[in-house]
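For reference, the structure is listed below as structure tokens.
The values are calculated or read from the model by the stated rules, or taken from the named source; none is laboratory data. All values derive from a computational prediction rather than experimental measurement. Glycine gets a Cβ as well: all are built from the backbone with ideal geometry, and neighbour counts include every protein chain shown.
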């Protein structure tokens with residue numbers, strides 16, 4: 001994610017994510033009150049919460065505050081008035097995340113002890129059974145890597161002339177889907193070890209509703225359009241076509257069915273909730289907004305700029321996202337007729353004997 | 001501390017601290033083997049260690065590795081071969097510390113889960129009873145702030161024409177001593193809450209041996225010389241004298257007697273060890289080194305540059321430390337005839353009923 005608080009930064013362009021997190025607040029609060037085994041943790045004087053893929057804030061602070069409020073409510077409901085636990089919140093993201101910015105913007109009167117944890121959530125980050133609630137929003141759609149085959153010229157899954165799996169060969173889609181399945185399995189395996197029995201995992205993620213083809217997902221259309229803009233620049237000789245061939249986005253929008261199957265195979269979590277979120281900002285509601293192309297372009301730029309810069313250098317960024325912004329305006333009807341649904345899944349760590 | 005790994009960075013100029021940490025390694029290892037109540041923690045599958053005032057590395061990584069080795073040895077000695085716990089290490093420093101650098105230089109094959117904790121160690125940083133070992137080296141000599149009186153023109157403790165308490169009025173020395181006593185009491189109070197009963201606190205710090213006057217401490221002489229260089233620049237009109245009057249270093253070298261009295265008043269810790277360290281680099285051993293003035297100047301610059309820059313701007317830095325380097329060369333006999341001792345204190349959290 002783009003750090004700092006400038007025009008193209010993540011913190012200035014994550015209001016859409018915040019809208020989704022707000023839409024999830026009630027579900028998350030209810031899930032904690034209904035499903036968290038707070039009495040199981042009463043031997044522990046500290047409740048430990050982790051946000052995986054927290055970026056630089058402020059969304060992570062709102063999400064954590066909502067969770068802690070719900071835990072306090074749960075304690076009160078259980079008559080644990082005098083035993084409100086202490087909270088320790090772990091903010092996790094890649095080592096390259098701007099933790100300095102995150103730390104300097106921590107809310108001054110927070111009710112928790114805070115810590116930053118650098119590293120990929122596709123591996124272990126915390127001691128065994130040490131967490132009570134894990135939260136992750138807008139993160140599990142990011143794969144641990146671009147699938148190897150997609151970048152291998154000798155493979156039928158080589159993704160020439162595209163940066164994404166939409167409108168690609170079946171082999172490309174399968175390679176992305178397999179990478180996502182592998183990553184999600186590793187994610188669940190690591191969390192199954194780290195979350196205490198009875199603890200909760202809250203996942204907020206964009207997904208493909210069951211039975212809906214990839215091509216009807218607005219997020220997919222948007223990333224495909226970005227690839228088209230890069231190919232247009234290659235045709236004009238601004239970037240080399242070979243460089244575009246070797247660039248792919250490590251992103252996959254899982255279907256609910258796929259996710260449920262992986263959770264089932266893992267076996268350590270029960271699914272307490274799997275609900276569709278209803279944000280106030282939708283592609284429909286954007287229709288009357290002037291500069292909607294620019295707004296969406298800024299949003300996608302905040303999320304992808306780091307990857308594009310690392311591969312192509314920063315000289316092309318402004319031109320790329322200007323043309324992208326115009327393309328979104330021109331083809332907006334495609335986006336309106338498609339959709340990406342956002343889900344909130346609440347999983348509970350089963351008690352094993 | 002100066003971040004990055006450039007000429008004047010802390011990481012390039014902290015070999016003296018590393019030498020002291022190395023000198024402490026054996027004492028720390030022995031203290032853990034002799035005094036850590038590992039069986040008391042056997043209900044916990046994780047041993048939590050914190051380094052307070054860790055800066056950016058690599059010294060903190062060496063210190064943590066040494067501690068974890070000793071804990072493993074202790075476990076083996078107690079026959080807990082199959083129960084070697086997991087480790088979680090918390091790296092703490094001010095919010096303005098460069099945690100991004102710290103995180104990117106974490107040892108790749110470390111045996112612990114790591115987390116960064118931003119904030120002043122003069123307040124609470126961790127949940128109750130959550131830590132088993134706290135380590136802090138070269139940090140507790142830094143006060144939480146410059147004593148108020150020292151910057152108050154109407155106070156008899158106003159420190160005009162100096163940046164430090166050496167060769168200042170008694171009231172200035174008393175104000176520094178009182179600030180240190182208050183800070184150390186707060187430090188111990190916070191740690192008494194955070195450290196589990198039977199847990200250890202290892203403090204490595206430069207100090208004034210009992211009965212030795214402030215003026216015979218080489219560290220004090222060095223900081224006084226830095227003040228003289230600033231006053232020389234004021235006399236030449238390079239900085240305003242008023243600006244020098246309003247600048248003071250928040251540093252105090254406590255005596256062992258003062259520290260022991262504060263630990264006694266706190267009442268929660270027993271003193272297991274209080275030993276003088278014997279580094280290989282001493283002011284005597286530097287005598288034959290060419291450029292010793294520059295070496296010491298770089299060392300002091302790495303620690304103080306941030307404070308000086310914030311008050312005077314960065315334009316004066318090179319000139320100030322060049323003249324400082326020459327002054328150290330010229331007056332090196334003063335340093336050789338003085339000394340600063342470094343201590344390793346091992347405190348144990350008492351078990352309260």
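Here are the numbers for the structure shown:
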{"quantity": "Boolean, residue B:261 is farther than 15 Å from residue B:160 by Cα, in a helix (DSSP H, G or I) and modelled with pLDDT under 95", "calculated": "no"}
{"quantity": "Lone unmet requirement of (1) in contact (Cβ under 8 Å) with a residue 40 or more places away in the chain; (2) in a helix (DSSP H, G or I); (3) in contact with a helix residue (DSSP H, G or I) (Cβ under 9 Å, 6 or more places away or on another chain); (4) surrounded by fewer than 21 Cβ atoms within 10 Å (Cβ to Cβ) for residue A:197", "calculated": "(2)"}
{"quantity": "Qualifying residue in region B:231-241 (condition: free of Cβ contacts under 8 Å to residues at least 40 places away in the same chain and on the phi > 0 side of the Ramachandran plot)", "calculated": "yes"}
{"quantity": "Set B:189, B:179, B:216: member being touching a residue at least 12 places away in the same chain (Cβ under 8 Å) and over 19 Å from the mean Cα position of the chain (by Cα)", "calculated": "B:216"}
{"quantity": "Residue ranges of strands (runs of 3 or more DSSP E) in region A:69-141 with at least 1 members under 18 Å from the mean Cα position of the chain (by Cα) and at the interface with chain B (Cβ under 9 Å from one of its Cβ atoms)", "calculated": "A:86-93, A:112-118"}
{"quantity": "Odd one out for residue B:63, checked against (1) surrounded by 16 or more Cβ atoms within 10 Å (Cβ to Cβ); (2) within 14 Å of another protein chain (Cβ to nearest Cβ); (3) at pLDDT 90 or above", "calculated": "(2)"}
{"quantity": "Residue under evaluation residue A:39, criteria (1) within 14 Å of chain B (Cβ to nearest Cβ); (2) part of a helix (DSSP H, G or I); (3) over 22 Å from residue A:136 (Cα atoms), criterion not met", "calculated": "(1)"}
{"quantity": "Where residue A:172 falls short, out of the listed (1) touching a strand residue (DSSP E or B) at 6+ places or on another chain (Cβ under 9 Å); (2) in contact (Cβ under 8 Å) with a residue 12 or more places away in the chain", "calculated": "(1)"}
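Let's see how each residue does on (1) out of contact with any strand residue (DSSP E or B) (no Cβ under 9 Å at 6 or more places or on another chain); (2) at pLDDT below 90; (3) within 21 Å of residue B:53 (Cβ to Cβ); (4) surrounded by fewer than 13 Cβ atoms within 10 Å (Cβ to Cβ):
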| residue | (1), (2), (3), (4) |
| --- | --- |
| B:278 | no, yes, no, yes |
| B:283 | yes, yes, no, no |
| B:289 | yes, yes, no, yes |
| B:292 | yes, yes, no, no |
| B:322 | yes, no, no, no |
| B:339 | yes, yes, no, no |
